Amino acid sequence: MSVSENQNYETMGNTRRRPTSGVTACSCISRGSGDIPIVDGEFERFLASGSAIVNEKPQLRTSLLQNEHSQPKNSGQLAGDQCTAPFSRVGDTCLLLAVSDKLTWAAARQFCAARGADLVVFRDANAYADALGYINLVNKENAAVGVWVGGTDEAVEGVWTWVTGEPMPRGPPFWGSTDGYKPEPGNGRARNCGILWHPDKYYLHDVHCTYTDAVPLCKKKL
Ligand SMILES: [Ca+2]
């Protein structure tokens, strides 16, 4: 420290204060309302302790970073903004029933893909119930059609999977029955695409994938 620099400090014992002028390193701790003078060597110990906290608590830093990336600042608003017409917010998802577009299963999937979506999947009975409520609301005037869902056993007969690659649930309350006691799916290799079958209260049935009296139910990822 030069003589001129030293003149910029007010000396009080072995305590140094912020320089009164000039640009010089300050041995102070900032505490909001102002800098607090510290004893020689304490500033270095303060810096060392801060580094120790970061180094000793990597799990804390990792946890904070994970929270920052996993929790949108306003997930409700974000999802609502993305679920725009002609899609409708249904429960915690975003659906579109294209009541005027009777298509094969593959064409229905393309229809959804062109709109940033895919055929609907149900991960639990609540999601299924939400979708049924939406279908009955939108499809009042066009009730005698089937509704395509994103489920198939085309790849391996009898192994029903969603288009996401997840296994489809089996049995009630998802699948219906053809004659009151024989559970769906029950038509083997001939029928490999899943449909919500209106004549059976929109329970799941297997039908020919080329069936065309059915419309897409698209689900957009949020
Ligand atoms: Ca089949």
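Within the range 110-126, if we keep just the residues that are surrounded by 18 or more Cβ atoms within 10 Å (Cβ to Cβ) and of a type in the set (A, V, I, L, M), the residue that is farthest from residue 198 (Cα to Cα) turns out to be 117. Residues in the range 149-160 include none that are away from the ligand (no atom under 16 Å from the Cβ) and either more than 25 Å from the chain's Cα centre (by Cα) or under 22 Å from residue 124 (Cα atoms) (or both). Scanning the range 163-176 for any residue that is within 16 Å of the ligand (Cβ to nearest atom), closer than 19 Å to residue 102 by Cα and in contact with a strand residue (DSSP E or B) (Cβ under 8 Å, 6 or more places away or on another chain) turns up nothing. Just one of the listed residues (106, 131, 190) is more than 16 Å from the ligand (Cβ to nearest atom) and either of a type outside the set (S, T, N, Q) or touching a residue at least 60 places away in the same chain (Cβ under 8 Å) (or both), and it is 131.
Since every read-out is calculated from the coordinates, none of them should be taken as a lab result. Values in this document were obtained by computation on a predicted structure and should not be read as measured data. Counting neighbours? That spans all protein chains shown, and the Cβs are built from the backbone with ideal geometry, glycine included.
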